[in-house]
Amino acid sequence: MKRTTHRARRGATVGLAIASIAMLTACGTTSGGGDGGGEAAAELGEMEGQVSLLAWPGYVEDGSNDPAVDWVTPFEEETGCEVTSKTYGTSDEAFNLMKTGEYDVVAASGDASLRLVAAGDVAPVNTDLIPNYEGIYDFLKMQSWNSVDGEAYGVPHGYGANLLMYNTEAFPEAPTSWDVVFDKASENAGKVTAYDSPIYIADAAVYLMAHEPELGIENPYSLDEEQFQAAVDLLKEQRASIGEYWSDYLKEIQAFETGDTVVGTSWQVIQNVLEGSGAPTAVVLPEEGTTGWSDTWMIASEAKNPNCAYAWLNYIASPEANAAATEYFGEAPSNEAACEFRSEGSCEAFHAGDEDYASQIWYWSTPIEKCLDGRTDVKCVDYSGWTEAWSEIKG
């Protein structure tokens, strides 16, 4: 999943190694167990003087990209831990880089976090050693993408929803359903867009949960063969109306500005940019609900600098740092007090702290053979199957 600039969100997630899927199947998730990478720290010692971070672009800014944007220097001055960082472009890349043992901390999305746990690359964290954890919204804590068997595996960073964007001239009345990109997509054939990633199959599953309840889908990332095939079939039907799949947010902005695209999945930050340029667009969270993301800062199981790693997790979860990082990137903060330090209206734009809004979001999780919804009488299609099907869908 690619982030092209500090405001870019995810791009296509491709090529998940079958080996990592096998590990996930064997080790399980929150609903099925898994040991992760050892035990959480019992106490902290002296700072080591340095810490190595692996993160999405825009998550670790030290003023080198923009002199006015720097939340790393205050951390270094406060803790004495000098930061080195590397950015990555996809969750698969992050997963592989963590294998090198060169990084103390990683900022992981939900389609990577459980893989890291299952592979033993990250360790559970002792939240008692992270004072700012208390200020994190409760609805982001101990979720399926950041905990295993009642143990926290990191600190939530920021979150957001995949929204339905539409051209207000093409849709003078705001749509309320995803049907405009599925069952009614042909009404705007050639001008419909969809997110270019296998994880988008979950968006079809969310739609089917509401419109074909007889399929029995309880979790869009937990699909048995019949449920999965229904989602794939829906996306193959949609394919005839797709003008372009997008992974680069700049291209989607351009497509809506020119009118080449009039409806499709999008992010709030994209709407913010389009609104600033005067484009006739709006976004809505449809009645069926939606998919989305919640990122987590995680500590390597073999971290060379565990004390500085804990210091970073605590710092980046503080109201000031969390506000700066999430506003710069373009997402809702995870710390309840962060909105006091963001610009006026920015938290409202991203529905920060709105638990009812957040409850409509199915946050990205890695599909595995062991069904995430708790079923034990069937096997669910794992992510390698999703990746293969996505290639077939796109043709």
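The values are calculated or read from the model by the stated rules, or taken from the named source; none is laboratory data. Treat the numbers as computed from the prediction; the structure is a model and nothing was measured. All Cβ positions, glycine included, derive from the backbone under ideal geometry; neighbour counts span all protein chains shown. Each accessible area value is taken on the protein alone, full model and side chains, heavy atoms only, with ligands, DNA and RNA left out. Shrake-Rupley method; radii C 1.70, N 1.55, O 1.52, S 1.80 Å.
At-a-glance table
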quantity: Candidate set: segment 326-347, residues that are more than 15 Å from the chain's Cα centre (by Cα) and of a type in the set (A, V, I, L, M); chosen: the one least open to solvent (accessible area, probe 1.4 Å); calculated: 338
quantity: Subset of segment 172-220 [among the polar types (S, T, N, Q) and closer than 20 Å to residue 252 by Cβ]; calculated: 188, 193, 197
quantity: Residue 358 touching a His at 6+ places or on another chain (Cβ under 8 Å) and either over 28 Å from residue 249 (Cα atoms) or among the hydrophobic types (A, V, I, L, M, F, W, C) (or both); calculated: yes
quantity: Of residues in segment 224-248 being touching a residue at least 40 places away in the same chain (Cβ under 8 Å) and closer than 17 Å to residue 290 by Cβ, the one nearest to the chain's Cα centre (by Cα); calculated: 246
quantity: Check on residue 321, open to solvent by less than 40 Å² (accessible area, probe 1.4 Å), out of contact with any strand residue (DSSP E or B) (no Cβ under 8 Å at 6 or more places or on another chain) and small (Gly, Ala, Ser); calculated: yes
quantity: Condition broken by residue 371, with the remaining ones in (1) open to solvent by 10 Å² or more (accessible area, probe 1.4 Å); (2) over 25 Å from residue 58 (Cα atoms) satisfied; calculated: (1)
quantity: Restricting segment 89-106 to residues that are more than 11 Å from residue 154 (Cα to Cα) and either more than 19 Å from the chain's Cα centre (by Cα) or at pLDDT 95 or above (or both), the residue that is most open to solvent (accessible area, probe 1.4 Å); calculated: 102
quantity: Inter-residue pairs, beta-carbon under 6 Å, first open to solvent by 30 Å² or more (accessible area, probe 1.4 Å) and in segment 374-395, second of a type in the set (Ser, Thr, Tyr), 6+ apart; calculated: 374/31
quantity: So residue 176, is it of a type in the set (Val, Ile, Thr) and not in a strand (DSSP E or B); calculated: yes
quantity: From the options 113, 144, 109, 186, residue that is open to solvent by 30 Å² or more (accessible area, probe 1.4 Å), touching a Ser or Thr at 6+ places or on another chain (Cβ under 6 Å) and modelled with pLDDT under 95; calculated: 144
quantity: Near pairs, Cβ below 7 angstrom, 6+ apart or cross-chain, from segment 52-63 (closer than 11 Å to residue 108 by Cβ and in contact (Cβ under 8 Å) with a residue 12 or more places away in the chain) to any residue that is surrounded by fewer than 21 Cβ atoms within 10 Å (Cβ to Cβ) and among the hydroxyl-bearing types (Ser, Thr, Tyr); calculated: 55/85; 55/87; 56/87
quantity: All positions within segment 125-156 that are polar (S, T, N, Q) and either free of Cβ contacts under 8 Å to residues at least 40 places away in the same chain or out of contact with any Gly (no Cβ under 7 Å at 6 or more places or on another chain) (or both); calculated: 126, 127, 132, 143, 144, 147
quantity: Among (1) part of a helix (DSSP H, G or I); (2) touching a residue at least 12 places away in the same chain (Cβ under 8 Å), the one test that residue 101 misses; calculated: (1)
quantity: Residue ranges of helices (runs of 4 or more DSSP H) in segment 206-295 with at least 1 members aromatic (Phe, Trp, Tyr), touching a Cys at 6+ places or on another chain (Cβ under 9 Å) and open to solvent by less than 50 Å² (accessible area, probe 1.4 Å); calculated: 225-239
quantity: Residue that is surrounded by the most Cβ atoms within 10 Å (Cβ to Cβ), among those in segment 348-360 that are of a type outside the set (S, T, N, Q) and within 19 Å of residue 282 (Cβ to Cβ); calculated: 350
quantity: Scan of segment 308-322 for residues that are assigned to a helix (DSSP H, G or I), out of contact with any Cys (no Cβ under 8 Å at 6 or more places or on another chain) and not β-branched (Val, Ile, Thr), ordered by number; calculated: 309, 310, 313, 314, 315, 319, 320, 321, 322
